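The values are calculated or read from the model by the stated rules, or taken from the named source; none is laboratory data. Bear in mind that the values here come from a model prediction, so they are computed numbers and not experimental data. Because the Cβ atoms are built from the backbone with ideal geometry, glycine has one as well, and the counts that use them run over all protein chains shown. Heavy atoms of the whole protein, side chains included, go into the accessibility calculation; ligands, DNA and RNA do not. Shrake-Rupley method; radii C 1.70, N 1.55, O 1.52, S 1.80 Å.
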Amino acid sequence: MISKNKITLMQYIFLIHGVQMGVGALTLPRELAEKAGTDGWITIIVCWLLATIASLIIIQIMKRNPDGTILDLLARYFGKWIGKAGTILFALYFALIANVIFIREALFIQAWILPGAEVYMLILLLSVPSYLIVRKNISILGRYAEFVFFMTLWTIMIYLLPLKYASWLHLLPILKEGIEPIISGVNTAVFSFLGFEIAFFLFPFLQKKERASMGIVIANTLSLFAFLAITLAAFSFYSPDEITIYNEPTLEMLKVIELRFIERVEIVFFSFYLFVMSTTVLPYMFMTVYCTSQLAGRHDHRRHLAWFLIIEFVFVVFFPPSFERNTMLKHVSEMAGLLVAFVFPLCLWGYVWLHGIFKRRPIT
């Protein structure tokens, strides 16, 4: 199965970068301003450094078992039952994040584009294209992420237009309150860099595995530039107190743009940004059903995907979501993400490293 579904280096890069962009870019400037003030852009650089280190550790781990995913590696080092337990935990983790982002995407559509629509109807409508894309193999997702990246590349450039109203003095002085606020904002900003952990599953599908480290660093760096551009634009456009008023300041600031042929630029921008959000939720959906299908001993994940989308729809019908409830689940997924993306790779790398040392030691 893996040998037939290879992805190129560019698809590998854009898959990881797409998962990281998600919905965090819409609210990240406000969240950073609340935690670290106008020095929050420094927090983004710190989070990039942490994410890059964790990413490289993941690649070093996967080099121990280049032809299998993390599920195969766990079974190899810890046995069949630990491997199955790991598969269940990964499935739950990916399902939680997919649920949070999928519902948040529908909530944003309701708030900005279709205020009269019910969330369950939006979930139903989003489920159709989601099924059509995710039912295929990982190479299809890679091509989709590659296409969306180039199709939406102009969305970063549009933030140059509001800068004529900006005041760069809002960023000064740097480190006005010391390092402590910057560090306190790490827990908030690091969630935006989550997504590199899918390298646990992408590595065996990569055509040129020797470039995996370079690819994941490039993916993290693309996300760094995107987050820095959006955050610095918002920090310079709003005053330090004003930016905390808006839930999605990156959309609100586009309202000042006036074009003769477009009345509301922010709506057009958000409509295209929906494609970017899909490059986050769709890989997480794929990883969820990949884990469950592996657990069931099946290579075809389409039935599992259909059940996942049905459960999502039923969940929204019986438990109508709101931004407050979704934010609570988002905080839970943030804690789970810190464990899976940072703590788990470090612990596993330490075990694999020690295992290799003791295995090479001759028996006397």
At 222 nm, what helix-only mean residue ellipticity would the chain give, in deg cm²/dmol to the nearest 500, using -39500 (n - 2.57) for each DSSP H run of four or more? -22500 deg cm²/dmol
Cα-centred dipole magnitude for the chain, charges only on beta-carbon of K, R (+1) and D, E (-1), debye, nearest 20: 1880
Pairs to check: LYS35/LYS176; LYS6/LYS63; LYS136/LYS330; LYS84/LYS208; LYS6/LYS208. Give those whose C-alpha atoms are more than 19 Å from each other in this structure. LYS136/LYS330; LYS84/LYS208
Just name one of ALA85, SER184, PRO249: the one whose Cα is farthest towards the positive end of the charge dipole of the chain (beta-carbon charges, Lys/Arg +1, Asp/Glu -1). ALA85
Could you work out the percent of alpha carbon pairs in the chain separated by over 30 Å, rounded to a whole number? 38
Measure nothing but the geometry: give the 0 to 90° angle between the long axis through the Cα atoms of 119-134 and the longest principal axis through the Cα atoms of the chain, rounded to 10°. 50
Could you check how many percent of all C-alpha pairs in the stretch 203-357 are farther apart than 26 Å? 52
Karplus 3J(HN,Hα) series, Hz, for the stretch 184-201 with 6.51 cos²θ - 1.76 cosθ + 1.60 (x for Gly, Pro): 5, x, 4, 4, 7, 6, 5, 5, 5, 8, 5, x, 5, 5, 5, 4, 4, 10
Scan of the chain for GluC sites (Glu not before Pro) in DSSP loops with at most 15 other beta-carbon atoms within 10 Å gives a longest site-free stretch of 1-117
Rounded to the nearest 0.05, FRET efficiency between VAL343 and LYS208 (Cβ-Cβ, R0 25 Å) equals 0.30
So PHE261 and ASP72, fully extended at 0.36 nm per residue minus their Cα-Cα distance, gain in nm 62.6 nm
Accessible area expressed per residue, the chain, with surrounding protein chains retained (probe 1.4 Å, Å²): 47
To the nearest µm²/s, what D does Stokes-Einstein give for the stretch 137-284 at 4 °C and 1.567 mPa s, using the Kirkwood radius over alpha carbon pairs as Rh? 73
Quick one: which residues, 5+ away or cross-chain, put their amide H under 5 Å from the amide H of ILE7? H built at 1.01 Å from N. LEU206, GLN207
Can you give me the angle between helix 344-360 and the longest principal axis of the chain, using Cα atoms only, in degrees from 0 to 90, rounded to the nearest 10? 30
Once Rh is set to the Kirkwood radius over Cα pairs, what Stokes-Einstein translational diffusion coefficient, in µm²/s, holds for the stretch 1-99 at a temperature of 10 °C and a viscosity of 1.306 mPa s? 97
Hey, got the Cα dimensions of the stretch 107-197 along the principal axes, in Å, largest first? 50, 36, 27
